[in-house]
Structure formats: structure tokens, C-alpha cells
Amino acid sequence: MQGLSVESVRQVLTAANIVFGWARAEYDIGLQNIVQPMIPRPSVGGSRNSKRQGFTSSELQKLFRSPVFVGVESEAAWFRPGKVHMQHTGRFWVPLLALYAGARLMEAVQLLQQDVGHEHDVWYVDINRDDEEQTGKRVKNDSSIRRIPVHPTLINLGFLDFVGSVPAGQRLFPDIEIGPATQRHRQASKMFNKLLSVAGIKGPKKVWHSLRHSFEQACRDSGVDSAIMDQLQGHVQKGMRGVYGEGYGLPALSSAIQSIRYKSVDLSHIQPFANRR
């Protein structure tokens with residue numbers, strides 16, 4: 001059986017280590033901390049083969065030919081093929097936002113209707129933590145706050161029409177549950193990892209985050225500048241780029257997004273969103 005990754009083990013044991021530290025400080029200074037010696041060292045660096053990998057074109061084709069993109073038996077039985085369309089759900093759109101916007105899982109899941117806007121004729125997805133106390137939004141770091149232009153493929157699939165069908169102030173994807181502050185991603189992770197399993201593309205190095213790797217590779221293959229690629233993905237800017245300037249404007253980002261292509265990935269079988277009202 002495939003075990004947890006080193007980083008997952010570190011997270012679990014670090015949490016237990018904090019509990020032991022608190023117990024020692026508050027109750028028994030002589031308490032032996034049996035957890036701390038078991039915490040593995042960070043898996044910094046290492047060989048490229050030990051890290052997560054992006055999906056191949058054939059794997060992406062398998063994913064986007066799974067029932068949720070073609071037709072399901074019912075909204076409850078969305079892993080089984082049928083005639084019910086899912087274009088009104090996050091289960092349909094979140095994978096596409098990962099592939100064509102490079103969005104992290106919870107960045108996409110927590111989006112509100114007003115987080116999709118336009119400026120200078122450029123439509124964009126606004127990744128933010130506005131009204132954090134009220135909305136519960138979280139981002140990984142300050143670099144994660146960004147605007148990502150909407151890829152032409154998303155527009156052709158009716159993403160803007162879908163957004164327009166959602167009432168103002170509402171979450172775009174209420175069908176995906178958001179957990180409490182310490183486990184916000186739990187339900188979404190389980191849901192989409194099951195999707196990868198059903199599509200037959202999940203493995204030790206092929207997980208949900210692999211879609212971000214695929215996006216990054218597509219940026220490289222399409223000739224997108226590395227600094228723009230970092231900004232689109234919400235990475236901390238390297239070197240002096242992180243010290244000076246405020247990053248690239250929407251026109252430059254839009255030009256980069258429009259250039260991104262996935263070779264041998266055909267989505268022509270997916271029907272665009274149609275408002276059911």
C-alpha cells in the first residue's frame with residue numbers, strides 16, 4: 001500500500017509534537033516527548049523523479065472524458081456515465097480552472113461571484129482574501145493574491161455565462177463543501193482525488209497538484225516568460241523581482257494566458273454551459 005508522503009508525515013507529527021510541547025509546559029516538564037525524534041527531515045531538494053509530476057496529454061484526455069465532463073447518471077452519482085450535465089457545478093469548473101488558470105484547489109473552491117471581473121476588456125479571476133473574517137477566505141501567502149486572465153478555452157466553454165448565472169455575493173461553487181479553518185480543503189481534496197482515481201490517472205506522483213505542474217509545463221512550452229509564469233501561479237517572486245515593482249499588468253498577463261496551449265488535448269466533446277433558468 002502506498003504510504004503518506006514525507007511532507008504529510010511531517011505535518012501530522014509536527015501537530016502531535018506541538019501537543020506534547022504544550023503538555024510539558026503546562027503539566028509535566030518531565031514528560032518524554034516520543035514524537036519529536038520521529039519527525040522526518042524536510043524533503044528539500046532531492047531528485048526530480050521523487051517529486052510530483054504533471055499529467056501527460058493522454059492522462060489529461062482521460063480526465064476530461066470522465067463522466068463529469070460528458071454526462072453523469074445524476075448529480076449524486078456523478079462518477080457514473082449518464083445524460084445529466086454538470087456545467088453548473090464546481091465539480092465541472094474547478095479542474096478546468098486548475099488547468100487553464102493554474103489556480104490552487106482552495107483558491108478556486110472559495111471563489112465568489114464578484115471575484116470574476118473585467119478591466120480594459122480583459123476578464124479575470126481575482127484570487128483574494130477580501131473580508132477574510134466574513135468570507136473565511138484564505139490564501140497561501142501574499143504572492144497568492146493576484147488576478148488571472150480568463151483563458152479563451154474557458155470563455156468558449158461558457159465560464160463567463162456560468163458566472164453571470166450565479167447571484168451576486170454568492171459562492172461560485174456551493175456544491176463543494178469548505179471545511180473548518182484547520183481543514184478547509186478536506187472535502188474538496190477527497191472529492192477531486194476520487195475523480196482522478198475514477199479517471200485512472202491517480203498515482204504516487206500524480207495527484208491533484210499535478211494539474212498545477214501541467215499548467216507550468218504548458219507555460220514553458222508556450223514560451224511564457226518565467227516571471228509572468230510565477231505571477232500567474234502565485235509563486236513568491238525570485239531575486240530582485242520580489243523587491244522592486246508591482247508585477248505585470250493585466251494586458252501582459254492576458255497575452256501570456258492566451259498563448260497557452262495543451263498539445264494533443266481535445267476538449268471539443270465538452271458541451272458549453274447553458275443557463276438552465
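What follows draws every value from the coordinates through simple rules; no lab data is involved. Given the structure is predicted, the values throughout are model-derived calculations rather than measurements. Cβ: placed from backbone, ideal geometry, glycine included. Neighbour counts: every protein chain shown.
Packing, as the average of other Cβ atoms within 10 Å across residues, places the peptides 4-17, 96-109 in the order 96-109, 4-17, highest first.
Pairwise Cα separations in segment 82-190 fall into 10 Å bins from 0 onward with the following percentages, short to long: 14, 50, 31, 5, 0. Length, then width, then depth: along the principal axes, the Cα atoms of segment 37-130 run 51, 39, 29 Å. Over the residues of the chain, the helix contribution to mean residue ellipticity at 222 nm works out to -11000 deg cm²/dmol, using -39500 (n - 2.57) for each DSSP H run of at least 4.
The relative contact order of the chain, computed from alpha carbon pairs under 8 Å that lie at least 6 residues apart in sequence, is 24 percent.
Across the options GLN114, ALA76, ALA181, the greatest Cα extent toward the positive end of the charge dipole of the chain (unit charges at beta carbon of Lys, Arg, Asp, Glu) belongs to ALA76. Within the shell defined by Cβ-Cβ distances under 10 Å, the residues around THR89 carry a net charge of -1, with Lys and Arg each +1 and Asp and Glu each -1. Annotation: amide H of LEU112 within the under-5 Å range of LEU172, sequence separation 5 or more or interchain, hydrogens built in the peptide plane. Using only side-chain charges placed at the Cβ, +1 for Lys and Arg and -1 for Asp and Glu, the dipole size of segment 52-259 relative to its Cα centre rounds to 1080 debye.
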